[in-house]
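Colleague: Pasting a structure here, questions to come.
The values are calculated or read from the model by the stated rules, or taken from the named source; none is laboratory data. Because the structure is predicted, anything quoted here is derived from the model rather than measured. Cβ placement follows ideal geometry from the backbone for every residue including glycine, while neighbour counts extend to all protein chains displayed.
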Amino acid sequence: EKYKSGMEKTRSSFSGKINNLIARYRKVDEDFFEELEEALITADVGVMTVMDLIDELKTEVKRRNIKDTAELKDVISEKLVEIYYGEDDEKIESLNLQDEGLTVILVVGVNGVGKTTSIGKLAHQMKEEGKEVVLAAGDTFRAGAIEQLEVWGERAGVGVIKHKEGSDPAAVIYDGIQAAKSRKADVLICDTAGRLQNKVNLMNELEKVRRVIEREVPGAPHETLLVLDATTGQNALSQAKTFGQAANVTGIILTKLDGTAKGGIVLAIRHEMHIPVKYVGLGEKMEDLQPFDAEGFVYGLFA
Ligand code: GDP
């Protein structure tokens, strides 16, 4: 329900374009494919992903001897889902949570993408599921970041471990881990700084934080979630490339999907980066975070 209305912009724009194309062309020909290609790129699907998709579609059209564009509609959905999952068999997009002991989730991303908000939403959701959650305010760099996380912590009813602004993030995370352990918490969610102006420093800092987590909790971090803003389109893809390589990202939280008609970025991230989108942000409120469901997403685009 919520998912559908949150995605309304993406959905109506996308299905509008494709349906319009199908109505105008009727016959599957080179011009049709050219316009389809353009429509997909406009929807932020990403050039490489679109090329692969069009190739697949052309092969399928030949194989099944499809002449009518209306017949092609289902094939497009099918192929979009296939393109999304690629070779991966694992279709479950849920978080890797430990049945026993502490699960540590590291959250990374550039300032302004919705990192703090997403952490708050995630904490709320887990708390609702009966889990004991602790937040660690590891973004000691951005002015106001610690206070903002505290506000979310209060809203969600979970504890926040913090130091002063400007202090060593690794030390905050260390304290977060000790607090989570002594409270016998189920989940520790670690915020991190997101300045990209000094990429080398940022990556070194993340590396240090990761080492502390690895040392204190064997097998952790269990998830490293990269937060991306869907409205930034191809910029989000390049951030995924930067962080994906340096920070060992295991999943994406794609925010602000309610405010954009360009949801195609979901497909590009998965197809080109092989990183699953685990959650999507569909608004500014605490409840506006949904687990991502690729098939629901793709078929929703054509509903
Ligand atoms: P951070 O700098 O990455 O921690 O970003 P914030 O969490 O402070 O979020 C930046 C802005 O984006 C805030 O105004 C949020 O309310 C807004 N925001 C975050 N997630 C979403 C979302 O899913 N949808 C919408 N519409 N706004 C969002």
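Colleague: Given the criteria over 21 Å from the mean Cα position of the chain (by Cα) and either touching a residue at least 40 places away in the same chain (Cβ under 8 Å) or more than 13 Å from the ligand (Cβ to nearest atom) (or both), does MET51 qualify? Give the steps one after another, and end with the answer.
Modeller: Numbers: over 21 Å from the mean Cα position of the chain (by Cα): yes; either touching a residue at least 40 places away in the same chain (Cβ under 8 Å) or more than 13 Å from the ligand (Cβ to nearest atom) (or both): yes.
Against the criterion (over 21 Å from the mean Cα position of the chain (by Cα) and either touching a residue at least 40 places away in the same chain (Cβ under 8 Å) or more than 13 Å from the ligand (Cβ to nearest atom) (or both)), MET51 qualifies.
Colleague: Something else: Residues of the range 116-161 being in contact with a strand residue (DSSP E or B) (Cβ under 8 Å, 6 or more places away or on another chain), among the basic types (Lys, Arg) and over 13 Å from MET286 (Cα atoms), which ones?
Modeller: Within the range 116-161, LYS131 is the sole residue that qualifies.
Colleague: Of everything in the range 42-69, what is over 10 Å from VAL28 (Cβ atoms) and among the hydrophobic types (A, V, I, L, M, F, W, C)? Give them in sequence order.
Modeller: Listed by number, the residues that qualify are ALA43, VAL45, VAL47, MET48, VAL50, MET51, LEU53, ILE54.
Colleague: Which residue, of GLU165, GLU216, is over 14 Å from GLY138 (Cα atoms) and not β-branched (Val, Ile, Thr)?
Modeller: From the options GLU165, GLU216, the qualifying one is GLU216.
Colleague: In the range 254-277, which residue that is more than 14 Å from the ligand (Cβ to nearest atom) and not in a helix (DSSP H, G or I) is farthest from LEU226 (Cα to Cα)?
Modeller: In this case the residue turns out to be GLY264.
Colleague: Among the residues that make up the range 170-178, is at least one of them under 26 Å from ASP258 (Cα atoms) and more than 11 Å from the ligand (Cβ to nearest atom)?
Modeller: Scanning the range 170-178, I find no residue that is under 26 Å from ASP258 (Cα atoms) and more than 11 Å from the ligand (Cβ to nearest atom), so the answer is no.
Colleague: Oh, and also: Being assigned to a loop (DSSP other than H, G, I, E, B) and within 16 Å of the ligand (Cβ to nearest atom) narrows it down to one residue among THR140, THR117; which is it? Don't jump to the end; show me each part of the working.
Modeller: Numbers: THR117 fails: assigned to a loop (DSSP other than H, G, I, E, B).
Selected residue: THR140, the only one of THR140, THR117 that is assigned to a loop (DSSP other than H, G, I, E, B) and within 16 Å of the ligand (Cβ to nearest atom).
Colleague: Continuing with the same structure: Hey, among the residues in the range 121-137 that are of a type in the set (Lys, Arg) and touching a residue at least 40 places away in the same chain (Cβ under 8 Å), which one's farthest from the ligand (Cβ to nearest atom)?
Modeller: It comes out as LYS131.
Colleague: Follow-up. Within 11 Å of the ligand (Cβ to nearest atom), of a type in the set (A, V, I, L, M) and under 18 Å from the mean Cα position of the chain (by Cα), is that true of VAL110?
Modeller: So VAL110 fits the description; yes.
This table checks each residue for (1) modelled with pLDDT of 95 or more; (2) crowded, with 19+ Cβ neighbours inside 10 Å.
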residue	(1), (2)
VAL227	yes, yes
GLN234	no, no
THR242	no, no
GLN245	no, no
THR250	no, yes
ALA268	no, yes
HIS271	no, yes
PRO291	no, no
